[in-house]
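Have a look at the structure below before the remarks.
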Amino acid sequence: MRLVADADLRPLNSFRVAARARWLLELHAPGEFSRLRDEARLAGLPWLVVGGGSNLLFVDDYPGVVVRPLFRGREWHEDGDAWRLRVGAGESWHETVRFCVEAGRGGLENLSLIPGTVGAAPVQNIGAYGVELSDLLHAVEALEMKSGKRHRFAVDACGFAYRHSRFKAEPGRWLILAVELRLPKRWRPRLDYPGVAEALAGAEPTPRAVSDAICAIRRRKLPDPAALGNAGSFFQNPLVTAADYARLRAAHPGMPGYPAGAGRVKLSAAWLIERCGWRGRREGDAGVSAEHALVLVNHGRASGAGLWALARRIRDSVAARFGVELEPEPRVIPDQ
Ligand SMILES: Cc1cc2nc3c(=O)[nH]c(=O)nc-3n(C[C@H](O)[C@H](O)[C@H](O)COP(=O)(O)OP(=O)(O)OC[C@H]3O[C@@H](n4cnc5c(N)ncnc54)[C@H](O)[C@@H]3O)c2cc1C
């Protein structure tokens, strides 16, 4: 355990914006949290859990305690027709995917190369290339930070939806300790998402080959945060009713829409932003990626406030032109 006063948060956010936390608490075991929780110097302060900081935008300094769970460990269990894997919250998500595919156990490969930690994965129910975490999750172990009580949530109790979960709906309440994944022994590759089958280039679709193909696609399409600060997609794809989509498409021919169940249609936030002329634009060091209109980037010295001001201008222009409200995907701190 390590407690640091006035901590630098720049290495802890993939936008690489400058920000400081009043306290930074690094935890190596869940029990350490309960010992620290009631310390007088931390009393009454707000808590923020940070994993890899790849889905956060600090608009200002954080006036409370940033908690970093560094819990490690991966254990396999056999469970009838599936393999179960329990993983500590502090493990890297991508390394966990590779750990599975190297063992020849498929399921997670479409979620390759998503940055961040295992503990954060359930928070926004990470998804990519036609697969969501909730398709493969068995349970989440979490600590209620206020009471110090441990809970185990089966997948159906996690409130999962597109980029959403109960953990996202209750910010500051839960510290996720570990995640249990369930990988069916009878594996079927998921190659239906556009571009995935082509990227395999005729190779036999083993879990590792699919993971390699997904990594190749992502490296081509997305800026590497190590080279150019970003948090992946900055806005969620908006969900609208089928009737609203029909009306929008009549007014804007060619607007893409994808069936999203329950009579709803998912719009492409990237398409809406691009049509408003934002792709590749730059305001000081805050900009929109030239490769991907959905990705905001820090060209060097952008502040969190500058990036957030740009995001709001994008949101306002999409609302004015299409009447569609964009929601940010990363958590914006302080909560907006
Ligand atoms: C280049 C790039 C590509 C990306 N691509 C995708 C993608 O394809 N699909 C996708 O879904 N996301 C994507 N993301 C977003 C991001 O990688 C994921 O949301 C990831 O799960 C965030 O992990 P993290 O550890 O960095 O979380 P952080 O950014 O540290 O935290 C994110 C949220 O989770 C909470 N949190 C973190 N850890 C815990 C914990 N142990 N307990 C409780 N709450 C916690 C935080 O409080 C915060 O609200 C991308 C990001 C980047 C930079």
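Could you list, in sequence order, all residues of region 171-190 that are within 22 Å of the chain's Cα centre (by Cα) and not charged (D, E, K, R)?
Pro171, Gly172, Trp174, Leu175, Ile176, Leu177, Ala178, Val179, Leu181, Leu183
Of all residues in region 164-216, count the ones that are under 30 Å from Ser147 (Cβ atoms) and more than 15 Å from the ligand (Cβ to nearest atom).
Here is the first cut: in region 164-216, the residues under 30 Å from Ser147 (Cβ atoms) are 164-182.
Still in the running and more than 15 Å from the ligand (Cβ to nearest atom): 182.
Going through region 164-216 one residue at a time, the tally reaches 1.
In region 223-247, what residues are closer than 22 Å to Arg312 by Cα and of a type in the set (A, V, I, L, M)? Talk me through it step by step, then tell me what you get.
Step one: filter region 223-247 for residues closer than 22 Å to Arg312 by Cα, giving 223, 225, 228-240.
Of everything in region 223-247, those that are closer than 22 Å to Arg312 by Cα and of a type in the set (A, V, I, L, M) turn out to be Leu228, Ala231, Leu239, Val240.
Please work out if Ala293 is in contact with a helix residue (DSSP H, G or I) (Cβ under 8 Å, 6 or more places away or on another chain) and outside the structural domain of Val196 (by TED's automatic domain parsing).
yes
Suppose we keep only residues that are under 13 Å from the mean Cα position of the chain (by Cα) and not in a loop (DSSP other than H, G, I, E, B) within region 71-124. Which one would you say is nearest to the ligand (Cβ to nearest atom)?
Thr117
Since Asp60 meets every condition but one in (1) part of a loop (DSSP other than H, G, I, E, B); (2) modelled with pLDDT of 95 or more; (3) open to solvent by less than 50 Å² (accessible area, probe 1.4 Å), which condition does it not meet?
All conditions are met except number (3).
Does Pro256 meet the test of being closer than 27 Å to Pro189 by Cα, in contact with a Cys (Cβ under 8 Å, 6 or more places away or on another chain) and away from the ligand (no atom under 16 Å from the Cβ)?
no
Looking only at strands (runs of 3 or more DSSP E) that lie completely in region 1-52, which have at least 1 residues being within 14 Å of the ligand (Cβ to nearest atom) and at pLDDT 95 or above?
20-27, 47-49
Is it true that Thr96 is within 26 Å of Ser233 (Cα to Cα) and open to solvent by 10 Å² or more (accessible area, probe 1.4 Å)?
no
Any residue in region 274-287 that is without any contact (Cβ under 8 Å) to a residue 40 or more places away in the chain sitting within a Cβ distance under 9 Å of a residue that is of a type in the set (Lys, Arg)? List the pairs, counting only those 6 or more apart or interchain.
Hits for this filter: Trp278/Arg313; Glu283/Arg313; Gly284/Arg301; Asp285/Arg301; Gly287/Arg281.
The values are calculated or read from the model by the stated rules, or taken from the named source; none is laboratory data. Everything numeric here is computed off the predicted structure, so don't read it as measured data. Cβ sites come from the backbone with ideal geometry, for glycine too, and all protein chains shown count toward neighbours. Remember, those area values only see protein heavy atoms, side chains included, never the ligands or the DNA or RNA. Shrake-Rupley method; radii C 1.70, N 1.55, O 1.52, S 1.80 Å.
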